[in-house]
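Read through the structure below, which is laid out as structure tokens, and then see the notes.
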Amino acid sequence: MKPLYSLTIAEASELLKKGEFTSVELTQACLDRIKEKEPEIHAFITVTPDYALKKAREADKRLKENKDTTPLTGIPYSIKDVYNTKGIQTTAGSKILEGHISQYNATVHQKLEDAGAILVGKTNCDPFGFGSSTEYSAYGSTKNPVNTDYVPGGSSGGSGAAVAYGGGLFSIAEDTGGSIRCPASFCGVVGLKPTYGRVSRYGSIAYASSYDSIGPITKTVKDSAIVLKYTAGKDLHDATTPDVPVPDYPELLKEKPGKFTIGLPKEYYGEGLDREVREIIDSAIEAYKNLGFKTKEVSLPYTKYAIAAYYVIGLSEASSNLARYDGIRYGQKGEDTDWNTYMETVRGESFNEEEKRRIMIGTFALSAGYQDQYYKRAQKLRELLKQDFARVLNEVDFLLTPTMPAPPFKFGENMGDPLKMWLADAFTVSINPVGVPALSVPAGTTEDELPVGMQLIAPHFKEDLLYNVAHLFETS
Ligand code: GLN
């Protein structure tokens with residue numbers, strides 16, 4: 001049999017129910033794997049072995065009594081370090097929160113615990129989700145398990161790497177402009193950015209509140225459907241979660257998808273797209289055609305302004321969200337001086353260059369006199385982007401694009417050039433201001449055996465459609 005840590009959720013759940021092994025054994029296998037791989041990969045900021053084994057024993061009891069079990073009972077998972085987990089350190093990848101112990105559970109974590117899943121640790125990320133490579137983390141960067149010369153993507157690089165090497169069977173990550181999809185693409189796993197509001201943001205550390213989406217990174221599409229089923233839904237703690245019923249996503253996978261029309265937005269297939277990525281995506285499109293799908297070229301003309309609009313709004317929200325880190329209420333303590341010196345020292349020493357850059361740009365864009373010029377214009381663009389997507393998603397059933405314009409890059413390659421790093425997100429950032437769901441699925445590998453993901457985009461709350469067509473691709 002395969003090593004336990006390499007099983008999918010669906011496989012492990014079946015075997016746990018049959019009593020082939022226990023959750024303690026499965027959890028121990030993941031913890032051993034973490035011990036083996038962490039010195040090289042560094043996917044975790046905090047590992048919680050004692051907590052995990054305690055929860056695994058509880059899960060075994062539930063499984064044995066066959067009471068209140070779900071397909072997630074006894075399944076080990078990790079969570080990006082931007083989610084509050086009661087009694088466990090939560091840093092958001094930033095030095096300013098070093099030593100901060102959560103007082104309560106984020107809804108997504110609570111729901112997973114209620115379903116019987118086992119937390120094995122908190123994964124590394126760029127601070128507050130600011131990045132595309134996990135190189136900005138205050139706790140050191142994460143390596144790509146596929147090839148350690150390359151970045152795992154970001155900002156949820158720890159989650160992508162942990163799932164890829166078997167440090168838990170799935171991970172919960174966060175996507176403000178691509179942070180689930182980018183690491184999924186770079187690490188060769190599946191990442192879902194759900195519809196905005198589909199999964200509660202309560203207890204997640206905010207980057208840009210109107211973009212932040214919470215979703216799973218998994219080995220397969222089916223596993224993603226399982227996790228979404230148990231994490232989605234209305235939450236009284238988060239007013240942006242609408243009362244839209246949660247479908248039985250895994251069950252719906254059994255239905256054969258219709259002969260859909262795929263939209264290919266021409267702005268995503270132009271200049272700047274890597275040749276090998278293009279070839280891999282082209283063969284994925286061919287595969288769909290062979291399955292009877294039709295394709296249609298569509299246009300999203302406002303795409304060229306997406307990065308600018310995304311960053312102006314995102315950083316404006318970030319600058320105001322990060323104003324609460326004063327070194328008094330959370331984490332980091334400074335010397336006992338006057339208030340101004342205290343704030344200046346704590347924020348000056350604890351935020352790194354990227355965090356400062358983003359706070360300053362956001363503050364500038366919101367300042368009196370500039371608001372109309374930047375923030376309001378960006379909001380107008382957001383509206384135009386929404387109209388773009390609404391129009392094309394009316395013409396076709398879903399869109400197919402590369403997730404990232406290029407394969408994983410090497411460490412340091414984009415670090416000296418913040419703009420280059422931001423441009424890497426060209427294909428993922430539009431989705432968050434618009435709020436639709438998008439799924440990154442492995443589409444192939446380059447000649448150097450680096451993973452390449454394709455991105456499928458559907459109308460609001462059509463995650464079931466994404467799963468259906470992605471599952472078809474994955475299994476055919
Ligand atoms: N890389 C993008 C950024 O830096 C997206 C980050 C995210 O989704 N958290 O803003």
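FYI, it's all coordinate maths here, none of it is from the lab. None of these values were measured; they are calculated from a predicted model. Don't worry about glycine lacking a Cβ; one is built from the backbone with ideal geometry, like all the others, and counts go over all protein chains shown.
Please list 129-140, 362-373 highest first by mean number of surrounding beta-carbon atoms within 10 Å per residue.
Per-residue Cβ counts within 10 Å, averaged per peptide and sorted highest first, yield 129-140, 362-373.
Taking the number of other C-beta atoms within 10 Å as the exposure measure, put 246, 47 in order starting with the fewest.
Going from sparsest to densest Cβ surroundings: 246, 47.
Report the local net charge at residue 432: Lys and Arg +1, Asp and Glu -1, summed over other residues whose C-beta lies under 15 Å from its C-beta.
Neighbour charge sum, excluding residue 432 itself: -1.
Karplus couplings for segment 438-449 from phi (6.51 cos²θ - 1.76 cosθ + 1.60, θ = phi - 60°), rounded to Hz, Gly and Pro as x?
Couplings: 8, 10, 9, 10, x, 10, x, 10, 7, 4, 7, 6 Hz.
Please compute the modelled spin-label separation between residue 345 and residue 261, points set 7 Å along Cα→Cβ, answer in nm with one decimal.
Rounded to a tenth, the inter-label distance reads 6.5 nm.
With 22 Å as the limit, write out which pairs from 2/219; 64/234; 111/219; 2/67; 80/219 have Cα-Cα distances beyond it, or answer none.
64/234; 2/67
Quick check: from the Cα gyration tensor, does segment 197-325 come out rounded (a/c under 1.5), prolate or oblate?
Cα axes put segment 197-325 in the oblate bin.
Dipole of segment 65-158, Cα-centred, from +1 at each Lys and Arg C-beta and -1 at each Asp and Glu C-beta, to the nearest 20 debye?
Using Cβ point charges on Lys, Arg, Asp and Glu, segment 65-158 gives about 80 debye.
If a/c stays under 1.5 just call it rounded; otherwise compare a/b with b/c (prolate if a/b is bigger, oblate if not). Do that for segment 123-188, with a ≥ b ≥ c from the square roots of the Cα gyration tensor eigenvalues.
Rounded, because the longest to shortest axis ratio a/c is under 1.5.
Fewest Cβ neighbours within 10 Å first, please rank 112, 273, 97, 169 accordingly.
Values: 112 25, 273 18, 97 22, 169 31.
Ordered by Cβ neighbours within 10 Å, fewest first: 273, 97, 112, 169.
Answer with one residue from 311, 277, 292: the one whose Cα lies farthest towards the positive end of the charge dipole of segment 275-342, charges on Cβ with Lys, Arg +1 and Asp, Glu -1.
292
Suppose we keep just the DSSP beta bridges with both residues in the chain; what percent of those would be antiparallel, to 5?
Rounded to the nearest five, the antiparallel share is 65 percent.
Using only the alpha carbon atoms of the chain, find the Kirkwood hydrodynamic radius as the inverse mean reciprocal pair distance, in angstroms to one decimal.
22.2 Å
Looking at segment 1-88, which trypsin sites (Lys or Arg not before Pro) are DSSP coil and have at most 10 other C-beta atoms within 10 Å of their C-beta?
Answer by residue number: 67.
Where in segment 395-420 does the amide nitrogen come within less than 19 Å of the point 7 Å from the Cα of residue 308, taken along Cα to Cβ?
Taking a point 7 Å out along Cα→Cβ of residue 308, the residues of segment 395-420 whose backbone N falls under 19 Å are 418-420.
Where a ≥ b ≥ c are the square roots of the eigenvalues of the C-alpha gyration tensor, would you call segment 1-58 rounded, which needs a/c under 1.5, or, failing that, prolate if a/b is larger than b/c, or oblate?
Here segment 1-58 falls in the oblate category.
How do 94, 185 rank when sorted from fewest to most other Cβ atoms within 10 Å of their own Cβ?
94, 185
Could you work out how far the C-alpha centroid of segment 59-83 sits from that of segment 160-189, in angstrom?
Using only Cα atoms, the two centres lie 20 Å from each other.
Quick check on the chain: helices-only [θ] at 222 nm, where DSSP H runs of length 4 and up contribute -39,500 (n - 2.57) each and the sum goes over total residues. Nearest 500, please. Walk me through the numbers on the way to the answer.
Working: 16 runs with 186 residues, N = 476.
Mean residue ellipticity, 222 nm, calculated: -12000 deg cm²/dmol.
With label points built 7 Å along Cα→Cβ from the Cα atoms of residue 25 and residue 103, find their separation and express it in nm.
4.3 nm
Below 8 Å between Cα atoms, with a sequence gap of 6+, how large is the relative contact order for the chain in percent? Please report the intermediate quantities before stating the final value.
On the way: 1128 pairs, mean separation 79.0, N = 476.
Relative contact order for the chain comes out at 17 percent.
Which distance in nm do the two modelled labels at residue 371 and residue 278 give, with both placed 7 Å along the Cα-to-Cβ direction?
So the two model labels end up 4.5 nm from each other.
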